[in-house]
Every structure is written in C-alpha cells, then in structure tokens.
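In what follows, a single structure is set out as structure tokens and then discussed.
The values are calculated or read from the model by the stated rules, or taken from the named source; none is laboratory data. It should be emphasised that the depicted structure is a prediction, and the values quoted were computed from it without experimental measurement. Don't worry about glycine lacking a Cβ; one is built from the backbone with ideal geometry, like all the others, and counts go over all protein chains shown. Side chains are part of the model used for accessible areas, which takes the heavy atoms of the whole protein and leaves out ligands, DNA and RNA. Shrake-Rupley method; radii C 1.70, N 1.55, O 1.52, S 1.80 Å.
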Amino acid sequence: MKLLAIDTSNQPLSVAVAEDNKLLAEVTTCVTKNHSVTLMPTIKEVLKAAQLEIKDIDRVVVAQGPGSYTGLRIGVTTAKTLAFTIQKELVGVSSLAILANAYPQTDALLVPLFDARRENVFAAVYKWQKDELQVILEEQHLSIQELCQKLAKRRERIIFIGIDSNKFSKIFQVELTMKKYSIAPEQFAYPSGFVLTQLGRQMKPVQISDFVPRYLRLTQAETQWLQNNPEGKKYDESYVKKI
Amino acid sequence: MSKRTLILAFESSCDETSVAVIENGSKILSNVVATQINSHKRFGGVVPEVASRHHIEQITGCIDDALRIAKAQYSDLSAVAVTYGPGLVGALLVGVAAAKAVAFAHNLPLIPVNHMAGHIYAARFVAPIEFPALALLVSGGHTEIVYLPTENEFQIIGETRDDAAGEAYDKVGRVLGMTYPSGKQIDDLAHTGQDTFNFPRAMEKENNFDFSFSGLKSAFINTVHHADQIKETLSKADLAASFQQSVVDVLANKTIRALKQFKVKQLILAGGVAANNGLRERLDIELKAFPEVKLLKAPLNLCGDNAAMIGAAGYVALKNGIHADLDLNADPSLEFEWYPGMEK
Ligand SMILES: [Zn+2]
C-alpha cells in the first residue's frame, strides 16, 4: 500500500510518502508557520522525490489534531479533498500519538503535549506495554496544573515530548517536585510523516465527507451559547443547510 | 476538441460553502450552496471559527454534489477557480486548500478570484457585461463603486468610510429585535411604512463617491433608545422605512454622481444587499435619466455568496491568462486597485 502522510497540526510541517513499511520520501520543516503557502508545494515535491503521482497513492493519512486550529484546517481540508478527489482511502491519526510513537520503548510514561495558551495544553499519556503503546490518559484539553496533578499520582517516571514542553519547565519544577521527570531531547520533539504513515497503515479508513479535525475544544461562542441554552445541541444537522 | 470550457468553482469566504460547475462563464450547470445561517443565528452574527469548522464539514460533499448535478467528470474540467479574498481568513483557507488539492490532483489550472469580482459577475448570468461599466457593490462586508474600463479590470472609485450597508442593516435589525440576518425583514417591513424620521444622509454633498453609514446607525439607535426612555412606542414600520430610505438615498445619490462622471454602457448592481427591493426599485427609476446606460441587476438568487459567480469571474480571468501556483494563500483584506488619482 502506498501512503501519503500530512501533519500540519502545529508549527512543524511534515509530509511523507511510504510504501507499506518503507519510507520513500519525507520532508519536515519548522521554519514557517504558513502551512497554507507551503503544504501543497511540499506534497508535490515529496511525491516527485518518491517518483510517484498523486493518483498512485492508495491512502492519505493526516494528523487530525489536536493542535493549532489554522494548521488543522489546512491539513485536514487538503487531506480529505485529496483522498476524495482521487477516490482513495483517508485515515486520521492523533497528532499526540505521532510524537509518542516515535519515542523508543521505555518504562516511563510518555506525555506529548501542545501549548493551548493561557497555561492550557492539549496532552495525552501513553505507556509502552508488550511492544504496544497503550493510552493511559485520553487526549484532552486541560490546564498544565491539572495534567501535572494527574501525573503526580503515578509511580512511573515521566517524559514530556514536544517543542512546547520547555515552555512549561518552571511549572513542572513546582508541580512535580517529588517526581522524576524529563523533557525528551529535540530529536523526538518534531512530528515525523513516516511515523504517521505507519500509524495510519494499521487503522480503518474513515468516511471522507464527515471527516473533521479533532479540536478537543468547542469555540468560545458555542460554549457560551450552550451555557445559556442548556437544551441546545452541540451539533445539529439543521445548522447547515443546502439551498 | 470540445468547445465547452467547464470551471469548477469554490467559494467559502464567509458563512456559505459553495461549489459550482460553470460552462463558458455564463451557464450554470450546478451551484451547490450549503448555508450556515441557522448555526450563526445562535450567536446573532457570524462567528469566524464556527464558520471555518462548518466549511470543513461541508466541502467534499459540496464538490460531490456539484459534479454529480452538472454530470461532469474531472476530465471534462478546464480549470479550478477559487475565492482567495476578501473574507474571513479561516473560512477562505478551507476553499483555497480544497481548490488547490483538486487542481493538483487533476493537473488543472488554478484561478484565483477576488470575491468582489465574483459578486459583479453574478450579473453575467443575466446578460454579457459591456465595457466600460460601473458596478455598485453592496454587501454585509463591503459597499463600493467600481469602474470596469475593460474586461478583467476593476478600479474602485468610492467606498464606505466606516460600516458596510449590510452591516448597518444587521445592527439596526438587532435593535428592532429581529433575528440575524435581518436585511430581508427590514426591506419587507420598510414597504409597509413611511419615512417619517428623516435620518441623516451622510456625505451627500461631498464631491466624491464615498459612503458612510455609522452616523445613520447611531441616529437610528439614539432615536429608539430615547423613545424607550420616555416610554414612547415608535412604529417599527416607519423606523424601517426611514432607515431604508436613508440608505437607498445615499447609495443612489453617489451612484448617479458616478454615472454623470463616467460614461459607461452598463450599471451593475451586485452583492448581498443588491437583493434589497427598495434599492432595486429606486435604481430602476433613477436610470430613466440615463437612457444610454443599461441597468444589470444580479439575479436575486445569486446576490448572496455562491460559487457560480466565482466561476463566471474565473472564466474571464482564465481567458486573460490569470492563474495561481500551488502556494496560493488566502488574502482576507484583498482589494481592487483604486482608479488612478482617486486613492482614499
Ligand atoms: Zn459576498
């Protein structure tokens, strides 16, 4: 199976093409945030390096979130439209799982995280068990303090992963005084499109038309509206109508 | 070789996801519009992040429907056209990303279209545009008069200094207790009332083609609040009629001024507020003084945002050799150039 993987869920951009478990080409950049400008040209370049046409691809794999809303919009729209228009499969993978899966096997808890501003993070907790990465804490949007409190209760050593981890080192020092923790080295801090292809290879394809990013957070307007309208629905088919 | 030029067009600049297939720039084979109005009604106006999220939900379904209804295959297409500005950046990005993906996958030229050029070209579905022409563009986000010297050239000669006319309609609607969007409701109500309040007509005497609606909006709000304070009930129909009369007077006044200075073959009325009956009727009357100018009104069902108009404008851009590369970005504050010597 030939796979095209796209991750624009945060500042780094990674695009890879693989055939089954073999990498054909990959580009990962961290120089610009403007994925709208760089994503399509990068896809073209990576396909060219892999000596493939877009129509040769059997499955498009995309980092579905959590992450920056703008980044997710561009990556998910591009991935779902590509898969739809060449009539191939689409798979979405957790952006946090991509980081955790690239980390070597260890007894420690792996905690990939992304800054969600105002001392909040998108994070999940994983642990390697019998060659497989198990989810200990589902990916969620929570305050950094809350995350630390959950981690403080665990016996295992903790490894934070991701370029945003360093931003919170002061808070870690305060909240995790008695714990053994570390921040993963830079080489594990960036998402790899190849890891994404390998995760996406094992998953079941989704229904393309319904596919949306995993934001893990409602917009402020929706949250407020739901508070004022307890009967209201988070999502309702009538919200968008074809005319 | 087939003589048909089919364009797959995308529009997602605000709260409508739309995909259309247009033949030779003038025939609509399909025009699928998914509107989010019911969602944004909850918040009393368009919430940009919510709009962007809905666009992603809708985009491939709209492409699918547009091609199916048009009975078109990708191999029938000549190009992909997309709105890249102006509009809400997150919303624009969805259409731009999708259009680029389709263009790349099927090796089709990508045509960047200015949303306002799209609005003007909605009128193309009524009759061919003859140059030079003037366009009065009135919508929720824009109010401007544009000079079209030749095909695919657009030059602003005047625009609003503050609120867009459509924006004023929505704010006034809120004061009158109407649900969003309120343009149509005010228009209907205005036809049952009289202009008794005589609200200000801003910049009427100024020798330019610019507009202002914030003074009118304030005058309206003050009148209603003052009446509330002294527990007086005002006629909503008269309020609506007075407000609309002021808007229409200002728009008509500046348009006539422009027609006197620019000798054109056509006046095009376009944009969301171009569906307003008060404005349409008024221009019909005023244009009698300009027998050499044809009034071309965008069809009612194409005044709001839609991809058909983007396909029509895209066809003209394609003919004129305009195309974008895969690095095309959304430009939320995209503007036409100004008419030489008339900068704001
Ligand atoms: Zn518009």
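At 1.4 Å probe size, with every protein chain present, just tell me what the per residue accessible area of region A:103-188 comes to in Å². Mind dumping the intermediate values first?
Working: 4900 Å² over 86 residues.
Solvent-accessible surface per residue comes out at 57 Å².
Restricting things to alpha carbons, find the Rg to Rh ratio for chain B using the Kirkwood radius for Rh.
Details: Rg = 20.2 Å, Rh = 20.5 Å.
Using Cα coordinates only, the ratio equals 0.99.
Give me D for region B:235-340 in µm² s⁻¹, whole number, from Stokes-Einstein with Rh from the Kirkwood sum over alpha-carbon pairs, 25 °C and 0.890 mPa s. All intermediate terms of the calculation are to be shown ahead of the outcome.
Working: Rh = 16.6 Å.
Answer from the Stokes-Einstein relation: 148 µm²/s.
Which FRET efficiency value, to the nearest 0.05, is calculated for residue B:343 and residue B:249 with the Förster distance at 30 angstrom and r the Cβ-Cβ distance? Intermediate results must be reported in sequence, preceding the final value.
Working: r = 26 Å, r/R0 = 0.87.
Efficiency, from the Cβ-Cβ distance: 0.70.
Helix B:48-70: angle to the longest alpha-carbon principal axis of chain B, degrees 0 to 90, nearest 10?
Rounded to the nearest ten degrees, it is 50.
Mind ranking A:200-206, B:306-312 by how tightly packed they are, going by the mean number of other C-beta atoms within 10 angstrom, highest first?
Descending packing order for the listed peptides: B:306-312, A:200-206.
Can you give the log10 of the normalised intensity I(q)/I(0) at q = 0.10, 0.11, 0.14, 0.17 Å⁻¹, computed with Debye over equal Cα scatterers of region B:128-297?
Taken in order of the listed q values, log10 I(q)/I(0) reads -0.37, -0.44, -0.70, -0.98.
So, in nm, how far is label residue B:237 from label residue A:182 when the simple model puts each one 7 Å beyond its Cα toward the Cβ?
Going by the 7 Å Cα→Cβ label model, 8.1 nm.
What are the extents of the Cα atoms of region A:103-188 along their three principal axes, in Å, largest first?
Per principal axis, max minus min of the Cα coordinates gives 37, 24, 24 Å.
Carbon and sulfur atoms: what percent of the 1.4 Å accessible area of chain B do they account for? If you can, show how the numbers build up before the last one.
Numbers: 6510 of 12920 Å².
Using a 1.4 Å probe with all protein chains present, chain B comes out at 50 percent carbon and sulfur.
Given N residues in region B:22-125, what is Rg(Cα) / (2.2 N^0.38 Å)?
Values: Rg = 14.3 Å, N = 104, 2.2 N^0.38 = 12.8 Å.
Against the empirical 2.2 N^0.38 Å value, I get 1.12 for region B:22-125.
Calculate the mean, over all residues of peptide B:96-109, of how many other protein chain Cβ atoms lie within 10 angstrom of the residue's Cβ. Intermediate results must be reported in sequence, preceding the final value.
On the way: counts 5, 15, 7, 2, 10, 15, 5, 2, 10, 11, 4, 3, 0, 0.
Across B:96-109, the average partner-chain Cβ count within 10 Å equals 6.
Counting other Cβ atoms within 10 Å, which trypsin sites (Lys or Arg not before Pro) in region B:67-100 have at most 11 and lie in a DSSP loop?
Numbers: sites: B:68, B:71, B:100; in loops: B:71.
Those that pass, being in a loop and sparsely packed, are B:71.
Take every Cα pair under 8 Å in chain A that's 6+ residues apart, average their separations, divide by the length, and report that relative contact order as a whole percent.
Details: 462 pairs, mean separation 53.3, N = 243.
Answer for chain A is 22 percent.
What number does region A:1-66 give for Rg over Rh if you use C-alpha atoms and the Kirkwood radius?
That ratio equals 0.95.
For the pair residue A:134 and residue B:265, what calculated FRET efficiency results from E = 1/(1 + (r/R0)^6), where r is the Cβ-Cβ distance and R0 = 51 Å, to the nearest 0.05?
Working: r = 72 Å, r/R0 = 1.42.
FRET efficiency, residue B:265 to residue A:134: 0.10.
Using the per-residue mean of other Cβ atoms lying within 10 Å as a proxy for protection, in what order, highest first, do the peptides B:17-29, A:175-187 fall?
Values: B:17-29: 23.5, A:175-187: 13.3.
Highest mean packing first, the order is B:17-29, A:175-187.
State the percent of C-alpha pairs, over all pairs in the protein assembly as shown, separated by a distance greater than 46 angstrom. Can you show the working numbers first?
On the way: 41993 of 171991 pairs.
Taking all Cα-Cα pairs of the protein assembly as shown, the fraction more than 46 Å apart is 24 percent.
Taking the C-alpha atoms of region A:43-176, how large are the radius of gyration and the largest Cα-Cα span, Dmax, in Å?
Just the Cα atoms of region A:43-176 yield Rg and Dmax of 17.4, 52 Å.
With every protein chain left in place and a probe of 1.4 Å, what is the accessible surface of residue B:120, to the nearest 10 Å²?
0 Å²
Return the average number of partner chain Cβ atoms within 10 angstrom of each residue Cβ along peptide A:229-238.
Working: counts 1, 0, 0, 1, 0, 0, 3, 3, 1, 2.
Mean shielding by partner chains, rounded to a whole number: 1.
Would you work out if region A:73-125 is rounded, prolate or oblate? Take a ≥ b ≥ c from the square roots of the eigenvalues of the alpha-carbon gyration tensor; rounded if a/c is under 1.5, else prolate when a/b is larger than b/c, oblate otherwise.
Working: a/c = 4.81, a/b = 1.68, b/c = 2.87.
Here region A:73-125 falls in the oblate category.
In degrees from 0 to 90, rounded to the nearest 10, what is the angle of the helix B:277-286 Cα long axis to the longest principal axis of chain B?
Taking the Cα atoms of chain B, the angle to B:277-286 is about 80 degrees.
To the nearest 10 degrees, how steep is helix B:236-261 against the longest Cα principal axis of chain B, on a 0 to 90 scale?
Roughly 60 degrees between the two axes.
Considering the Cα positions of chain A, please state its Rg to one decimal place and its Dmax as a whole number of Å.
Cα only, chain A: 18.7, 60 Å (Rg, Dmax).
Could you tell me the total accessible area buried at the A-B interface, probe 1.4 Å, in square angstrom to the nearest hundred? List each step's numbers first, then the result.
On the way: alone 13660 and 14770 Å², together 24700 Å².
When A and B are taken together, about 3700 Å² of accessible area is lost.
Can you grab the distance from the C-alpha centre of region A:35-61 to the C-alpha centre of region A:90-109, Å, no decimals?
23 Å
What does the accessible area per residue of chain B come to in Å², with a 1.4 Å probe and no ligands, DNA or RNA counted?
Working: 12920 Å² over 344 residues.
Accessible surface, normalised per residue, equals 38 Å².
Evaluate the relative contact order of chain B (contact order divided by residue number), counting alpha-carbon pairs under 8 angstrom at least 6 apart; express in whole percent.
Computed over chain B, the figure is 25 percent.
Counting only the heavy atoms of the protein chains, how much of residue A:148 is accessible to a 1.4 Å probe, in Å² to the nearest 10?
Estimated to the nearest 10 Å², residue A:148 gives 0 Å².
Within 10 Å of each Cβ in peptide B:58-67, how many partner chain Cβ atoms are there on average? Round it to a whole number, please.
On the way: counts 3, 6, 11, 6, 2, 4, 4, 1, 0, 1.
Shielding by partners across B:58-67 averages 4.
For region A:1-105, run through the GluC sites (Glu not before Pro) and keep only the ones in DSSP coil with at most 14 other Cβ atoms within 10 Å of their Cβ. Write down the numbers at each step before the final one.
Working: sites: A:19, A:26, A:45, A:53, A:89; in loops: A:53.
Answer in residue order: A:53.
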